[in-house]
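Here's the structure we're looking at; comments come further down.
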Amino acid sequence: MSSSLTVFRSERVVTPEGTRAAAVVVRDGRIEGIDATVDVPRGAQVVDLGKDALLPGIVDSHAHINEPGRTDWEGFATATAAAAAGGITTVVDMPLNSIPATTSLAALRTKAESASGQCAIDYGLWGGVIPGNAGELQAMVDAGTLGFKAFLVHSGVDEFPAATRDVLNTAMPLLARAGVPLLVHAELTDHEPPFAGDVRAYASYLASRPAAWEVDAIRMMIDLCREHRTPVHIVHLSAADALDDIAKAKAEGLPFTVETCPHYLTFSAEEIEAGATHFKCAPPIREAENRERLWRAVGSGLIDLVVSDHSPCTPALKKLEAGDFSGAWGGIAGLQLSVSAVWTGMRAHGLGLDVLVERMARRTAALAGLSGRKGALKPGLDADFVVFAPETRFKVAPEDIRHRHRLTPYAGRELEGRVMRTYLRGQRIFDATEGLTGPRIGQWLPRG
């Protein structure tokens, strides 16, 4: 079989050594070399990107795709198409809200079978830690699970119950021996009080999930991380009040990481109008001052990753007609828009493309154990690329959204940084003018 050879040229290639004019040589889907000047071999295709930046494909380690069982909310075909349009070349699916939840070896196999042949991009699968499934964890690791997710409060779906401290004390030593991380929805409370106040007022919803829930949960997880030395990752941090404790844990040398999400970095509680339930998520979007503290932590690296936490549902479950924050499903749909939303904020805060790549590609790949294939422009890694126009502004039009449902708080918002093309293992899978291109070649990326 003859090999394929392509040379990608750009004035802005974002490598681990910095951003510079370079040529990237791709042979048979892998990066062969990166250099300022390359003598183009005979028969090689040359792709000249001019001033558009060449970034590694984004790795989104936190998305709820919901198939099987709730494919009417989102499915692998639609989610991965949206991801490709947003420059994401690898997504890791959360163990809920699919039915069955990915909490057993059998459920893992069901999830993998559901995804097979449907995906525009590569994908990995997280498992779940729930009461009573400790006996499944090692088998799931052996079968390819990248790590495990636990909730400390009700997850919103009954098939994924909360893990108590006792449950975690049983599971965490198993995960430590397996060398996989525990991802934690970090809200903790003795009881969830009934919703109080005007159900249409965002302030009522915000008050129902105070920052103290996150702070208390993170303190407990720091203690458990110290005890078991299991890598712990805090998902979707919204409360900046927890940053001091996180900084101390890192200074202590604990294997403790944290992410935040584009919606916490983009929106603020003050701007959410009455009844705008498409902004509801858990933990909630907090005040503008809190958002700026999160941005400082993103800039300093205290917050390790930024991921979408794409958690869609059917529009009816958002209860927009009633504007009922007490009963609406909590989750933000934003997979396709996460890179541009984050870049918009990064430019406003004086951060560069190197930080975007570090927070949304290299470190996300590392969390999922995929650094040997994904997350950077380096020889030997997959030729997953985003051709990115950092200065281009665009308004989010619902008709351009490729999620299964177009309801998103980003609709109508002006963002900076447009994804022009996306490549997976050297093959063009998305073009801004042509849409999705070619067959769906996404592969399951099991651990190991």
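Within region 397-423, being assigned to a loop (DSSP other than H, G, I, E, B) and either of a type in the set (S, T, N, Q) or in contact with an Asp or Glu (Cβ under 8 Å, 6 or more places away or on another chain) (or both) holds for 403, 404, 405, 406, 408.
The number of residues in region 131-168 being under 24 Å from residue 445 (Cα atoms), touching a Leu at 6+ places or on another chain (Cβ under 9 Å) and open to solvent by 60 Å² or more (accessible area, probe 1.4 Å) comes to 3. Quick check, is residue 183 modelled with pLDDT of 95 or more, surrounded by 15 or more Cβ atoms within 10 Å (Cβ to Cβ) and closer than 17 Å to residue 95 by Cα? Yes, satisfied. The set of residues in region 280-312 being in contact with a Ser or Thr (Cβ under 7 Å, 6 or more places away or on another chain), more than 23 Å from residue 192 (Cα to Cα) and open to solvent by 10 Å² or more (accessible area, probe 1.4 Å) consists of 288, 291, 304.
Consider region 1-14. How many of its residues are in contact (Cβ under 8 Å) with a residue 24 or more places away in the chain and either open to solvent by 70 Å² or more (accessible area, probe 1.4 Å) or farther than 18 Å from residue 421 by Cα (or both)?
Initially, region 1-14 is screened for residues in contact (Cβ under 8 Å) with a residue 24 or more places away in the chain, giving 3-14.
Imposing the further condition that a residue be either open to solvent by 70 Å² or more (accessible area, probe 1.4 Å) or farther than 18 Å from residue 421 by Cα (or both) reduces the set to 3-5, 11.
Number satisfying all stated conditions: 4.
Determine, yes or no, whether residue 158 is acidic (Asp, Glu), in the same structural domain as residue 187 (by the TED database) and either in a helix (DSSP H, G or I) or farther than 20 Å from residue 71 by Cβ (or both). Outline the logic, then answer.
Working: acidic (Asp, Glu): yes; in the same structural domain as residue 187 (by the TED database): yes; either in a helix (DSSP H, G or I) or farther than 20 Å from residue 71 by Cβ (or both): no.
Here the answer is no, as residue 158 does not meet what is asked.
Identify the residue in region 232-267 that is small (Gly, Ala, Ser) and open to solvent by less than 10 Å² (accessible area, probe 1.4 Å) and, among all such residues, is nearest to the chain's Cα centre (by Cα). Within region 232-267, the match that is nearest to the chain's Cα centre (by Cα) is 238.
Keeping to region 338-376, report how many residues are outside any helix (DSSP H, G or I), out of contact with any helix residue (DSSP H, G or I) (no Cβ under 6 Å at 6 or more places or on another chain) and closer than 19 Å to residue 61 by Cα. Steps first, please.
Of region 338-376, the ones outside any helix (DSSP H, G or I) are 349-352, 368-376.
Filter again for out of contact with any helix residue (DSSP H, G or I) (no Cβ under 6 Å at 6 or more places or on another chain), leaving 350, 352, 368-370, 372-373.
Next, from what is left, pick out any that are closer than 19 Å to residue 61 by Cα: 368-370, 372-373.
Number satisfying all stated conditions: 5.
Does residue 200 fit the bill of being among the charged types (D, E, K, R), open to solvent by 60 Å² or more (accessible area, probe 1.4 Å), in contact with a Gly (Cβ under 8 Å, 6 or more places away or on another chain) and modelled with pLDDT of 95 or more? Before the answer, list the steps.
Numbers: among the charged types (D, E, K, R): yes; open to solvent by 60 Å² or more (accessible area, probe 1.4 Å): yes; in contact with a Gly (Cβ under 8 Å, 6 or more places away or on another chain): yes; modelled with pLDDT of 95 or more: yes.
Against the criterion (among the charged types (D, E, K, R), open to solvent by 60 Å² or more (accessible area, probe 1.4 Å), in contact with a Gly (Cβ under 8 Å, 6 or more places away or on another chain) and modelled with pLDDT of 95 or more), residue 200 qualifies.
Could you pull out the residue among 446, 379 that is in a loop (DSSP other than H, G, I, E, B), touching a helix residue (DSSP H, G or I) at 6+ places or on another chain (Cβ under 9 Å) and either under 21 Å from residue 8 (Cα atoms) or not charged (D, E, K, R) (or both)? If you could, list the steps in order and put the result at the bottom.
Details: 379 fails: touching a helix residue (DSSP H, G or I) at 6+ places or on another chain (Cβ under 9 Å).
Just a single option satisfies the conditions, and that option is 446.
The values are calculated or read from the model by the stated rules, or taken from the named source; none is laboratory data. Quick caveat, the model's predicted, so the values are computed rather than measured. Glycine gets a Cβ as well: all are built from the backbone with ideal geometry, and neighbour counts include every protein chain shown. For the accessible areas, the whole protein counts, side chains as well, though only heavy atoms, and no ligand, DNA or RNA atoms are used. Shrake-Rupley method; radii C 1.70, N 1.55, O 1.52, S 1.80 Å.
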